[in-house]
Amino acid sequence: MGVGSDISTNLNIQTERLEEIIKANPTYIRLSCSGFGSKNYEVTHAGAKWDIFYKNCVELSRLLKKYNPNTGVELYFHVNKANILEYKDIADMARQLGFRAVACFSLLFPHYAMMFDKNIPLPEPAKKAKELMLISIEEVSANARAEHERLCPGRFGFPNINWDLSVLICCNFNQEKLADNFLEADIDKLIKLKNSSELCKECIDHSMHRYYNMPKYASYIRKLLLEKYDMPSYI
């Protein structure tokens, strides 16, 4: 019907339905990744397995060649202190599989950042991820507060439909659902529920609506890859 459909996935899944998905010709697929090989990948993608991810990437590449859909695929690489040198391997892997490699800034999800802002102790995995950030959470949060008056980008990326058809209030907060089944929901009601949500209000109160601001940090990551790590042909 002319409406774009994007899928974001860590691809640590069983692949029985992957062929069905590719045949449906989604607009874009983003594959979240935070390392090349298990050493770093399995730290910040806690619970995921590199071998499963890589196998599924190869299968996805095969299906793209078989059906030739108009689907763009990107390896979305979360750069941190430990894995930045592995971006070369990720970029090479993307080229071999026919994907696009994108280097982004690795940071805590906003709900953890909001906990930190409220002086609530972080769970251990979140503490580890915080220490791996290339820019401190204090600086990122300060940058967000400086943009407090700007709009929330999440207002324009709705609805967020989870794997089980439930509708999330936001792609950065998975604790609160607006509906159990998108196919049975009223879109106008969903929009009203989101706009009146207490979680949205709390997020904005703590400036977390400007925290996950990837365009702001893209030039920083690019400069690191170009100047400090000499990767001009990889970006």
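Side notes on the structure shown:
- Checking each residue in region 146-155 for being more than 16 Å from the chain's Cα centre (by Cα) and not aliphatic (A, V, I, L, M) picks out GLU147, HIS148, GLU149, ARG150, CYS152, ARG155.
- The condition (being crowded, with 17+ Cβ neighbours inside 10 Å, among the basic types (Lys, Arg) and more than 19 Å from LYS118 (Cβ to Cβ)) is satisfied by just one residue among LYS194, LYS228, LYS223: LYS194.
- Of all residues in region 47-80, those satisfying the criterion of being surrounded by 13 or more Cβ atoms within 10 Å (Cβ to Cβ) and among the small types (Gly, Ala, Ser) are ALA48, SER61, GLY72.
- Enumerated helices (runs of 4 or more DSSP H) restricted to region 154-235, each holding at least 2 residues that are over 29 Å from GLU86 (Cβ atoms): 187-195, 198-205
- Qualifying residue in region 13-21 (condition: surrounded by 17 or more Cβ atoms within 10 Å (Cβ to Cβ) and either modelled with pLDDT of 95 or more or not assigned by TED's automatic domain parsing to the domain that holds MET231 (or both)): no
- In the set (1) surrounded by fewer than 16 Cβ atoms within 10 Å (Cβ to Cβ); (2) not aliphatic (A, V, I, L, M); (3) not assigned by TED's automatic domain parsing to the domain that holds SER197, the condition left unmet by ARG155 is number (3).
The values are calculated or read from the model by the stated rules, or taken from the named source; none is laboratory data. This one's a predicted model, so the numbers in the text were calculated from it and none came from an experiment. Backbone-built Cβ (ideal geometry, glycine too); neighbour counts: all protein chains shown.
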